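The structure under discussion appears below in the form of structure tokens.
The values are calculated or read from the model by the stated rules, or taken from the named source; none is laboratory data. Because the structure is a prediction, the values reported are computed rather than measured. Neighbour counts run over all protein chains shown; Cβ positions are idealised from the backbone, glycine included. Protein only, heavy atoms only, side chains kept; ligands, DNA and RNA dropped before computing areas. Shrake-Rupley method; radii C 1.70, N 1.55, O 1.52, S 1.80 Å.
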Amino acid sequence: MIGDSKLISYANLAALHSEQADFIAPASKTYVGVEVLRSLNLGAADPVDYVAARDAGKSAEERGSWHVIEDAMSLAGPRKGDPVLNLRRVLVHSSARAHAAATARAKKLDRAREDLQRLERGLGSRHYPTTEKVAARITAITRDRRVAAYLRTEIGADPATGKPTLAWHFDQEAIDAEAAADGWYALLTNLDPTRADAEQILRLYKGQEAVERRYSAFKGPLAVAALYLKSNRRIAALITAICLALLIFCLVERQVRHALAAHNATKVEGLYAGRSAIPTGRLIFDALAGIRIISGTGQSPPVIPQPTDLQIRLLDLLEVDPRDLR
């Protein structure tokens with residue numbers, strides 16, 4: 001079982017353990033705190049030869065890098081009599097994730113800086129005539145820009161004029177402490193090391209997104225909605241029909257992607273709003289939705305009249321000849 005961070009709780013893991021079920025899931029900061037992540041040394045981690053799907057078409061220099069460190073972790077239950085669960089902990093560093101965190105932090109600092117500078121220019125105006133008004137604005141900036149961890153302020157009043165004063169700065173030590181954890185996260189698992197090493201644990205976890213996309217398809221393009229049926233037998237039949245539709249939906253996407261890969265390509269021209277895009281089941285079926293088929297008569301086979309260039313391209317990737325549909 002591969003899940004998200006909500007899978008990690010003593011009750012869930014104890015139940016999985018009792019059923020001898022294997023699992024992999026990321027640990028939230030509740031179980032692996034930021035102080036653990038910021039103490040990790042990237043130089044001591046092992047590199048992983050893994051390429052994310054988003055980096056598949058990029059050069060080696062542009063691709064994100066991955067590193068792992070493995071250790072052990074014990075998880076105690078809420079009651080004294082609960083057995084302690086001994087888990088493997090794989091600490092993962094993603095350079096892309098680290099870059100994204102640094103970029104997001106820089107943006108919110110820049111926005112907070114602009115707000116604070118605007119506040120400074122307005123001190124003593126009708127908008128900020130008192131220290132209380134200034135304090136209220138500081139509170140709003142801190143909340144909206146999410147900079148409470150590193151914004152330091154001092155509010156006062158000019159003794160001569162009574163005009164509010166403000167001194168502020170960002171605590172660089174606090175910023176550096178947060179940045180030290182950028183890119184790191186922890187995976188917990190009970191898989192035996194002989195079955196999967198740390199690198200394989202990461203690869204297995206990364207396979208979750210394929211399943212998640214199928215859940216998305218199940219809830220979206222297949223238009224699965226609440227239905228009221230009279231018997232369990234009908235419920236099972238409906239679920240079977242839906243799952244068969246999902247299987248076909250996925251196989252169509254798989255066939256198109258494999259056909260593209262055989263030509264060292266990943267995108268189909270004109271697939272999304274006239275632009276090239278990575279083919280998904282939904283985009284493929286949307287593009288083929290306008291196709292008409294003329295039924296065959298006698299010796300004449302059914303044909304597709306006047307398909308578009310995009311439809312012809314997709315049918316070619318699906319190995320369907322629009323001139324011979326028998």
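Taking the criterion of being without any contact (Cβ under 8 Å) to a residue 24 or more places away in the chain, open to solvent by 50 Å² or more (accessible area, probe 1.4 Å) and among the polar types (S, T, N, Q), the only residue of segment 104-130 that qualifies is Gln117. For segment 59-84, filtering for residues that are without any contact (Cβ under 8 Å) to a residue 24 or more places away in the chain, open to solvent by less than 80 Å² (accessible area, probe 1.4 Å) and within 20 Å of Glu209 (Cα to Cα) leaves 0. Ser39 meets the conditions (1) open to solvent by 50 Å² or more (accessible area, probe 1.4 Å); (2) within 20 Å of the chain's Cα centre (by Cα); (3) closer than 14 Å to Tyr185 by Cα in every case but one. The failed one is (2). Scanning segment 287-309 for residues that are crowded, with 16+ Cβ neighbours inside 10 Å and either under 15 Å from Gly270 (Cα atoms) or under 32 Å from the mean Cα position of the chain (by Cα) (or both) yields Ala287, Leu288, Pro307. For segment 262-286, taking the residues that are open to solvent by 70 Å² or more (accessible area, probe 1.4 Å) and among the polar types (S, T, N, Q), the one that is farthest from the chain's Cα centre (by Cα) is identified as Asn264.
Would you confirm whether any residue within segment 125-142 is in a helix (DSSP H, G or I), touching a strand residue (DSSP E or B) at 6+ places or on another chain (Cβ under 6 Å) and within 30 Å of Glu70 (Cβ to Cβ)?
Taking segment 125-142 and keeping what is in a helix (DSSP H, G or I), we get 131-142.
Filter once more, keeping what is touching a strand residue (DSSP E or B) at 6+ places or on another chain (Cβ under 6 Å): 131, 134-135, 138, 142.
From what's left, within 30 Å of Glu70 (Cβ to Cβ): none.
Scanning segment 125-142, I find no residue that is in a helix (DSSP H, G or I), touching a strand residue (DSSP E or B) at 6+ places or on another chain (Cβ under 6 Å) and within 30 Å of Glu70 (Cβ to Cβ), so the answer is no.
Being closer than 23 Å to Ala245 by Cα and touching a strand residue (DSSP E or B) at 6+ places or on another chain (Cβ under 6 Å) is the filter here, so list the residues in segment 257-286 that pass it. Scanning segment 257-286 gives Leu271, Pro279, Leu283.
Candidates are the residues of segment 213-233 that are surrounded by 12 or more Cβ atoms within 10 Å (Cβ to Cβ), of a type outside the set (Gly, Ala, Ser) and at pLDDT 70 or above; the one that is nearest to the chain's Cα centre (by Cα) is Arg213. Of all the listed residues (Leu13, Leu87), the sole one being touching a strand residue (DSSP E or B) at 6+ places or on another chain (Cβ under 6 Å) and assigned to a helix (DSSP H, G or I) is Leu13. Residue check: Gln200 meets all listed conditions (1) closer than 30 Å to Ser28 by Cα; (2) at pLDDT 95 or above; (3) out of contact with any Leu (no Cβ under 6 Å at 6 or more places or on another chain) but one, namely (2). Here Ala101 passes the criteria (1) touching a strand residue (DSSP E or B) at 6+ places or on another chain (Cβ under 9 Å); (2) in contact (Cβ under 8 Å) with a residue 60 or more places away in the chain; (3) not in a loop (DSSP other than H, G, I, E, B) except the one numbered (1).
On inspection, Ala186 fails the criterion of being exposed (fewer than 15 other Cβ atoms within 10 Å of the Cβ) and among the hydrophobic types (A, V, I, L, M, F, W, C).
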